[in-house]
Amino acid sequence: MASKPAATIGARGRVVALSGATRGLGAAIARRLAADGFTLALGVREPRAAAKLGLPRTRTSIHAFDALDPDSASRWIAEAVKRHGRLDALVNNAGILRRVTFEEGSEADLDAMWAVNVKAPFRLIRAALPHLRRTGTGRIVNIASTDGKRIRDTSVSIGYAMTKHALVALSQAAKLAGWPDGVRATALCPGAIDTGMLAGLPGITPGPGRLRPETVAEIVSLLLRLPNTATIAELVVNTRQEHSY
Ligand SMILES: NC(=O)c1ccc[n+]([C@@H]2O[C@H](COP(=O)([O-])OP(=O)(O)OC[C@H]3O[C@@H](n4cnc5c(N)ncnc54)[C@H](OP(=O)(O)O)[C@@H]3O)[C@@H](O)[C@H]2O)c1
């Protein structure tokens, strides 16, 4: 009789490339994944800040990555594979929010959000896919947003919401492309998370009602450990009651 597939896949020996781990949600994800036993290849602008996270040295490598420097994406992935011999997962976490509405914000703000929130994840997926395919259980988690699923009202950053919608589209494309080789991609769409990103923004869920970064990190860990037979293409995690989400 054929043996049943494992309920979850292990963390030990699996290598995760994570962007923007120096603070906020990225730091919480790094700590959660390290505690669960994953090996981490962090892509960050400030290597010294990443070194201060207190992650296990034998299972962590730190690489220079700036979403605004196109070459740094492929360099980071190549270095990670050289160092660890494999790549099992990519978590596109680095992101920025600038206020761009029909009344406020500049073209430069809009361009910056496309560069960091969409173009950089696209490049990283391109660089990582061949390695993820090789493992048979590759995973991609793109940190999108509830703003990637709907426009709550026109006072939110419309520019940010546009980029997060695009990131959801990119997640679907990555899932399609990787599926035959066991790569599974998820667009994780959280509501307000209690990080520095929200400082000074109007209309956001107030502090006590926000998601804790540690809660979202727990979800990322689960997504990386689900078997190929349990695919979550999109996961919306809201902090407030909305009509659809
Ligand atoms: N906070 C929320 O309410 C919320 C809700 C839904 C989704 N999200 C998404 O969650 C992700 C993490 O957000 P957060 O709340 O943790 O924000 P955060 O505290 O502002 O952290 C953003 C992270 O992105 C990195 N980053 C920014 N620009 C970069 C660049 N050019 N190259 C490389 N890294 C760059 C930052 O690195 P440095 O330290 O070098 O600046 C930092 O590590 C983002 O994609 C965000 O859109 C956030």
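Bear in mind that the values in this text are calculations on the coordinates, not laboratory data. All figures in this text were calculated on a predicted structure; none of them were measured in a lab. A quick note on method: Cβ atoms are made from the backbone with ideal geometry, for glycine too, and the neighbour counts reach across all protein chains shown.
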> Between Leu198 and Lys4, what length comes free when the chain is fully extended (0.36 nm per residue of separation minus the Cα-Cα distance, one decimal in nm)?
Replying inline: 65.4 nm
> Most exposed first by the Cβ proxy, i.e. fewest other Cβ within 10 Å, how do Val81, Val216 rank?
Replying inline: Val81, Val216
>> Angle check, please: helix 120-135 long axis (alpha carbons) against the longest principal axis of the chain (alpha carbons), in degrees 0 to 90, nearest 10.
In response: 20 degrees
> What spacing in nm lies between the two simple spin-label points modelled at Asp111 and Asn238, each 7 Å away from Cα in the Cβ direction?
Replying inline: 3.6 nm
> If you place +1 on the Cβ of every Lys and Arg and -1 on the Cβ of every Asp and Glu, how big does the dipole about the Cα centre of segment 15-237 come out, in debye to the nearest 20?
Replying inline: 840 debye
> How many percent of Cα pairs in segment 1-153 exceed 20 Å?
Replying inline: 51 percent
>> Let me check against my output: what whole-number percent is the relative contact order of the chain, with C-alpha pairs under 8 Å and at least 6 apart?
In response: 20 percent
> Distance in nm between label sites at Thr154 and Asn228, each 7 Å beyond Cα in the beta-carbon direction?
Replying inline: 4.8 nm
>> Quick query: amide H of Leu211 versus all other amide H atoms, modeled in the peptide plane; which residues come in under 5 Å with a sequence gap of 5 or more or a different chain?
In response: Ala192, Ile193, Asp194
>> Please arrange Lys164, Lys4, Lys119 by how many other C-beta atoms lie within 10 Å of their C-beta, fewest to most.
In response: Lys4, Lys119, Lys164
> With the chain treated as a Gaussian network of Cα nodes joined by springs under 10 Å, which of Asn93, Asn142, Asn228 yields the largest mean-square fluctuation?
Replying inline: Asn228
